[in-house]
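Reading through the structure tokens given below for one structure.
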Amino acid sequence: MFITCLDLEGVLVPEIWIAFAEAAGIPELRRTTRDEPDYGKLMQFRLAILKEHRLGIREIQKTIEAIEPLPGAKEFLDELRSSVQTIILSDTFEQFAAPLMKKLGQPTIMCNTLDVAPTGEITGYRMRCEKSKLATVRALQSIGYETIAAGDSFNDLAMIEASKAGFLFRAPDSIAAAHPEVPALAEYDELLSSIKNVING
């Protein structure tokens, strides 16, 4: 039995922090997991900037409300889910993901959570578990699933490499070049076809 594990940002929806960086006029917040492999370091950097500019959850959620799935993403996901069980594994947060899941047809997502003060200030964050994407893939494998994984960033490589089949999808050239052993795809029909080929043997 197969189960597909997909990254969210950059694969199905635009990068939330980049959208917020543009909306808030703070270019430093454009930094993502494509640029920084250390997620803890990246989040501390983000939280410090938010505090400096006195920005919180409400401002970010307002930006998220205007974000739409990438062109063709929902159709791809609908077709994929009709063929194989699919889970979105993301390092984003429940408070960010909820409105986006509605726009994607309520797929299953496993992600993290933010600590938010009554004022709306984001005071911290809690990871679902250590190395959450890899840990989830390993857990699925332990209960009898073969996993297929796709993502675009440094934090997706572990789940991709641990799966029966894995793909980089619209990854930066630098990441694709550093991992030539992983097929790098750019179109949803390519990704869908590749996943179906794995499932069908």
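Any idea which of G105, G166 is more than 18 Å from G40 (Cα to Cα), in contact with a strand residue (DSSP E or B) (Cβ under 8 Å, 6 or more places away or on another chain) and modelled with pLDDT of 95 or more?
None of the other options fit; the residue is G166.
Which residues, counting only those in the range 78-108, are β-branched (V, I, T) and open to solvent by less than 50 Å² (accessible area, probe 1.4 Å)?
Within the range 78-108, V84, T86, I87, I88, T92 qualify.
Output the number of residues of the range 110-135 satisfying the condition of being loosely packed, with under 14 Cβ neighbours inside 10 Å, hydrophobic (A, V, I, L, M, F, W, C) and over 16 Å from the mean Cα position of the chain (by Cα).
Of the residues in that region, 1 qualify.
Give all pairs with beta carbons closer than 9 Å in which a residue from the range 7-36 that is free of Cβ contacts under 8 Å to residues at least 60 places away in the same chain and over 15 Å from K62 (Cα atoms) meets a residue that is small (G, A, S) and crowded, with 22+ Cβ neighbours inside 10 Å; count only pairs at least 6 apart in sequence or on separate chains.
Pairs found: D35/S153.
Yes/no per residue for (1) surrounded by fewer than 16 Cβ atoms within 10 Å (Cβ to Cβ); (2) within 30 Å of G201 (Cβ to Cβ); (3) among the acidic types (D, E):
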position: D7; (1), (2), (3): no, yes, yes
position: L12; (1), (2), (3): no, yes, no
position: T33; (1), (2), (3): no, no, no
position: G40; (1), (2), (3): yes, no, no
position: P69; (1), (2), (3): no, no, no
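Pick out the one residue from I57, I49 that is touching a strand residue (DSSP E or B) at 6+ places or on another chain (Cβ under 6 Å) and closer than 18 Å to T123 by Cα.
Values: I49 fails: touching a strand residue (DSSP E or B) at 6+ places or on another chain (Cβ under 6 Å).
Of the residues listed, the single one that is touching a strand residue (DSSP E or B) at 6+ places or on another chain (Cβ under 6 Å) and closer than 18 Å to T123 by Cα is I57.
When you check G124 against the structure, is it part of a strand (DSSP E or B), in contact with a helix residue (DSSP H, G or I) (Cβ under 8 Å, 6 or more places away or on another chain) and more than 24 Å from P69 (Cα to Cα), yes or no?
Values: part of a strand (DSSP E or B): yes; in contact with a helix residue (DSSP H, G or I) (Cβ under 8 Å, 6 or more places away or on another chain): yes; more than 24 Å from P69 (Cα to Cα): yes.
Taking the combined requirement at face value, the residue satisfies it.
With (1) under 22 Å from R46 (Cβ atoms); (2) touching an Asp or Glu at 6+ places or on another chain (Cβ under 9 Å); (3) not aliphatic (A, V, I, L, M) as the list, and Q95 as the residue in question, which single condition is left unmet?
Answer for Q95: the failing condition is (2).
The values are calculated or read from the model by the stated rules, or taken from the named source; none is laboratory data. Note that the structure is predicted; figures quoted are calculated from it, not measured. Here the Cβ is made from the backbone with ideal geometry for all residues, glycine too, and neighbour counts use every protein chain on show. Keep in mind that these areas ignore ligands, DNA and RNA; they rest on the heavy atoms of the full protein, side chains included. Shrake-Rupley method; radii C 1.70, N 1.55, O 1.52, S 1.80 Å.
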